Each structure stands twice: as C-alpha cells, then as structure tokens.
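Since the structure comes first, as structure tokens, the remarks are kept for the end.
Only the coordinates and a few stated rules stand behind these numbers; no lab work does. No experiment lies behind these values; they were computed from the predicted model shown. Every residue, glycine among them, receives a Cβ derived from its backbone with ideal geometry; neighbour counts consider all protein chains shown.
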Amino acid sequence: MVDLLLVTDPPEIRALNEDPGVDRKFLPRGPLVNQLIAGRIWRWFEIKGEPLPSLAPRADKLRASKQRELARALDPASGKTLWSGEQISKLASFVRGRGTNESAAITIQEIVGRQFDPQYRADQESWQAAALIDRFREGFSPLQIVWQITGRLKQAFALLIRRAKEDRWAMHGTAIGVHGIVRAIGRMRQLRAEPHAGLLSIDAVLGRCLAPPARVPRTIESNVPFGTGELRPGTLAILKLDNGEATAPGGEAVFMAGHWNSCPAQAFVTALLQEVWRRSLTEGA
Ligand code: HEM
C-alpha cells in the first residue's frame, strides 16, 4: 500500500538530501499511497504542467538558474528597495501587539508578491487562499475532501495563480514561502511582549522566531544506502526539517543554505525580519 520514509535526524536528512539518488521527481509509481501523493503534487502544485520550484527536480536547469537569479534580485545588499517604510511600520506595530494576524499576513503577502510584480495586490481573499493551501499542504484530512468537492481548493489555487500572473516563482512565494514569514512575525509578537525583549540580540530574536518548513518531500531514484540497509527507487522520503529546536540565524537548518535546494529568499527574509524587529523597538517608544 505504501512505501514512505519519515526522516527526522538532521545528519541523516543532510546526507540523504545530498545523495544524487535522492531527488524531486514525483512520477506516478509504486504502491497506491505513493501514487496518490505524487498525483496530488502534480495536480495542485504546478502551473501549465510545470512544478512549483520547491518541487522541481534538482537537475532542472531553469529551476537552478532562477534560484540564482532570484537570490540576486532579493538580496538587500543590492541596494534595491524591497519594501516600503509604511509596510515595515504596519508589521512593527503588529509585533508591538496591535492589529490582527490577518492584516499582518496580507502586508507580508503584498511585500512578497511585489518582488515579482510591482502591482501585486494582496487582500483578505488572497491571504485566505494562501492559508487554505497551507492547511492542504499539512497532509490528508477528511475536511480536504469537502474543500475539493465544493471547489474551494480549486478557487484558492486559481486566484493565487492569477494574481501571480502564472509565474511559478511568484506563486511559490505568495502561496507557500509567505507562511514562514507570517509565522516568524507571529512569534516575534510573543517575544516582544516579554519583559526584557529589548535586551535580546537580533541573532537571538531570529533564532527564536525563524523556523524551516515543517517537512519537504523527496523521491528515491536509485538504490540509496540508509542506516544498515538501502532505500529502493520509488520510495517517498519525507524530510522533517522542523524539529522544534531554536536555530542559528541564517542557518543552514532554516533555509538549507549551501545545499542544491537552498532557499533564494534567505537574505531577503532575514533582512525583513531584522528591520521589523528593530522598528518595533523604536516605534512608539
Ligand atoms: C521564513 C521564510 C522561508 C523559509 C524558512 C524558507 C525555507 C526554504 C527551504 C528550506 C527551502 C528548500 C525546500 C526543499 O528542499 O524542498 C526553500 C525553497 C525555496 N524557497 Fe524558501 N523559505 C522562506 C520563504 C521564501 C519566500 C518568501 C520565497 C519567495 C520570495 C521563497 C522562495 C523559495 C524558492 C523559489 C525555493 C525553491 C528553491 C529551488 O529548489 O530552486 N522562500 N525555502
């Protein structure tokens, strides 16, 4: 029925991720559950038959070149304006305890979307669509069947793909990557409410607020040594990146920096969070 492996040990995750026999080729093969998972990835996380970048194979040349291009485009050191003072002020105010999670999330989605399209429009509808997709990514549940029957899920994907102007990288950022920033800002708000928050170093703040995506999927493409045995082609491996521990900022653990699949938004996300935290300490003080 199923050939699935959950990997939780960080050194094992690193070793598997770097093995050339481990990839992101979600072909319909193997036992029923494997086929269902691959089918679900192909059905939903694609645009015009091409996968979203975090699900594209490692040897995909366009994926790799866009990864480099995006890292350059999103690098705050380039001097490009990546967000406005007004956007930072809204997020800082949220961190200081004002406003709702939803309005902060909309601002974050707008910031991310505008990296790809200066006219990107984020609103309650686009954020709720992203939130639904995030819950869908958490795994199978009976509720998801309802979302599919009622067409809610289809509408959510269609709306965000339209807003992303069918760009796979914009779609990834506004539907998936955005959640990492929203969660970090939520944790910042809790941290900011602590009595000695202002004394924390920025690295300590980021270490406590930033977390990697909970799990990322991989496919086994050739016989891969694992533990005392071997993984066979067709096995699905789920790498559990978030082990709930505080991380080093800019950490390899959060963004997979230094690996073939590293997040191109690392510098961008880090600088955005730093600026929001600093502003939250000065604003209204
Ligand atoms: C706190 C926020 C974020 C965290 C922690 C994060 C982390 C990660 C990680 C761990 C991966 C590797 C996924 C895998 O191996 O399967 C990844 C991939 C990626 N991330 Fe992020 N990300 C964040 C936000 C963003 C944002 C806002 C964007 C877009 C602006 C973005 C763009 C990407 C892209 C395009 C990839 C695929 C890279 C590739 O394989 O070509 N990320 N991210």
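For segment 1-94, trypsin sites (Lys or Arg not before Pro) meeting the loop criterion (DSSP other than H, G, I, E, B) and having at most 14 other Cβ atoms within 10 Å: 29, 48, 80.
Treating r as the C-beta distance of residue 242 and residue 15 and R0 as 22 Å, the FRET efficiency rounds to 0.75. Kirkwood radius, the chain, all distinct C-alpha pairs, inverse of mean reciprocal distance: 19.9 Å.
Using 10 Å bins from zero, what percent of all Cα-Cα pairs in segment 150-285 falls into each bin? P(r) for segment 150-285, in whole percents per bin: 10, 31, 29, 21, 7, 1. Among 180-193, 162-175, the peptide with the highest mean count of other Cβ atoms within 10 Å heads the list, and the full ranking is 162-175, 180-193.
Binning the alpha carbon pair distances of segment 144-185 at 5 angstrom intervals from zero yields the distribution 6, 23, 20, 20, 20, 10, 1, expressed in whole percent. Peptides 82-88, 108-114, 233-239 ranked from most to least packed, by the mean per-residue count of other Cβ atoms within 10 Å: 108-114, 233-239, 82-88. In this entry, segment 1-123 is assigned a mean projected area of 11.4 nm², taken as a quarter of its C-alpha convex hull surface. In terms of its alpha-carbon gyration tensor, segment 71-141 comes out oblate; a/c meets the 1.5 threshold, while b/c is at least as large as a/b.
In this label model, residue 155 and residue 124 are separated by 1.4 nm, measuring between points 7 Å along each Cα→Cβ vector.
Under a 5 Å amide H cut-off, with hydrogens placed 1.01 Å from N, residue 231 pairs with 224, 226 among residues at least 5 apart or on other chains. Structure note, pairs 25/48; 48/154; 48/80; 90/165: Cα-Cα distances above 24 angstrom occur for 48/80; 90/165.
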